[in-house]
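Colleague: Please see the structure below; I have some questions.
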Amino acid sequence: MREIALQLLFLCCLSVGQAQHEEPQGTKNETEQQAYILHQDCFQQSIYRELGSLKNRVDQLEKERDALPKIAFSAALVESGSWIIGPFNTDTNLVYKKVFTNIGNCYNPSTGIFTVMVKGVYYFRFSAYNDGTPNTNAAMFKNSERIVSIWDTVGEDNEDSASNGAVLELQVGDSVYISLHAQRVVYDDINHYNTFSGFLLFAM
């Protein structure tokens, strides 16, 4: 944005400089020449004022951009090895321990919960994988509200993946997490088939 403003400044100054060296057609006396020069000076001053205003606006927009909150995270279930997670007797939050990105530190790798620190609209997505008989059922929750789910419990095939996502309007203090349904399982290893990611689209 700053580069565009500087280019406009250069082009306008070049245009003004060229105009000042062009004599008006049909100039007949010194008075008309002085009037023409005065007109060009006024025009140049006007251009400089407009460009100064544009530069100030660009500076202000850059400050506002830099002040915007930056929140994004992405994590996988396991850091090393291969694991079958589940089955549990009750619905259980999945804890994604391998953190790829956690800008803003809203995601807690100890609990698997994303806690909102900035009111706004967010995008979240999660994936799940099973490596045997289909037996996976997981869901994304906003606080205690089930938002979206994935389900794979029927079929003779194995090694299935599924994913789902949602855009959510959230308040400060809201939490978003992934829960594995009771008696269901997921499988993960260093290939990171199971992920949980999200980011702030815009603050409100």
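Colleague: Name the pairs: first residue in the stretch 82-98 and at pLDDT 95 or above, second residue open to solvent by 80 Å² or more (accessible area, probe 1.4 Å) and of a type in the set (Asp, Glu), Cβ to Cβ under 9 Å, at least 6 apart or on different chains?
Modeller: Matching pairs, first to second residue: Lys97/Glu79; Lys98/Glu79.
Colleague: Kindly list the number of the only condition in (1) within 25 Å of His181 (Cα to Cα); (2) without any contact (Cβ under 8 Å) to a residue 40 or more places away in the chain that fails for Gly52.
Modeller: Evaluating Gly52 over (1) within 25 Å of His181 (Cα to Cα); (2) without any contact (Cβ under 8 Å) to a residue 40 or more places away in the chain leaves (1) as the failure.
Colleague: Within the set of pairs 6 or more residues apart or between chains, which connect a residue that is surrounded by fewer than 18 Cβ atoms within 10 Å (Cβ to Cβ) and of a type in the set (A, V, I, L, M) inside the stretch 113-142 to a residue that is modelled with pLDDT of 95 or more and not in a strand (DSSP E or B) with Cβ atoms less than 6 Å apart?
Modeller: Met117/Cys106
Colleague: If Asn143 passes every condition in (1) over 20 Å from Ile190 (Cα atoms); (2) more than 23 Å from the chain's Cα centre (by Cα) but one, which one does it miss?
Modeller: Asn143 satisfies all of (1) over 20 Å from Ile190 (Cα atoms); (2) more than 23 Å from the chain's Cα centre (by Cα) except (2).
Colleague: Also, quick follow-up: Could you list, in sequence order, the residues of the stretch 154-204 that are surrounded by fewer than 20 Cβ atoms within 10 Å (Cβ to Cβ), within 26 Å of Pro87 (Cβ to Cβ), of a type in the set (D, E, K, R) and in contact (Cβ under 8 Å) with a residue 24 or more places away in the chain?
Modeller: The answer is Glu159, Asp160, Asp189.
Colleague: So which residues in the stretch 44-61 are open to solvent by less than 40 Å² (accessible area, probe 1.4 Å) and under 24 Å from Phe202 (Cα atoms)? Please lay out each step first, then the result.
Modeller: Filtering the stretch 44-61 down to residues open to solvent by less than 40 Å² (accessible area, probe 1.4 Å) leaves 47, 51-52, 58-59.
If the condition is that a residue be open to solvent by less than 40 Å² (accessible area, probe 1.4 Å) and under 24 Å from Phe202 (Cα atoms), then Val58, Asp59 are the ones that fit.
Colleague: May I pose another question? One residue is enough: does the stretch 62-69 have a residue meeting the conditions more than 21 Å from Arg184 (Cα to Cα), of a type in the set (A, V, I, L, M) and at pLDDT below 95? Steps first, please.
Modeller: Initial filter on the stretch 62-69 (more than 21 Å from Arg184 (Cα to Cα)): 62-69.
From what is left, the residues that are of a type in the set (A, V, I, L, M) are 67-68.
Narrowing the set further to residues that are at pLDDT below 95 leaves 67-68.
Yes.
The values are calculated or read from the model by the stated rules, or taken from the named source; none is laboratory data. Because the structure is predicted, anything quoted here is derived from the model rather than measured. Positions of Cβ are generated from backbone atoms using ideal geometry, with glycine treated the same way; all protein chains shown enter the neighbour counts. Note: accessible area is taken over every heavy atom of the protein model, side chains too, but ligands, DNA and RNA are not part of it. Shrake-Rupley method; radii C 1.70, N 1.55, O 1.52, S 1.80 Å.
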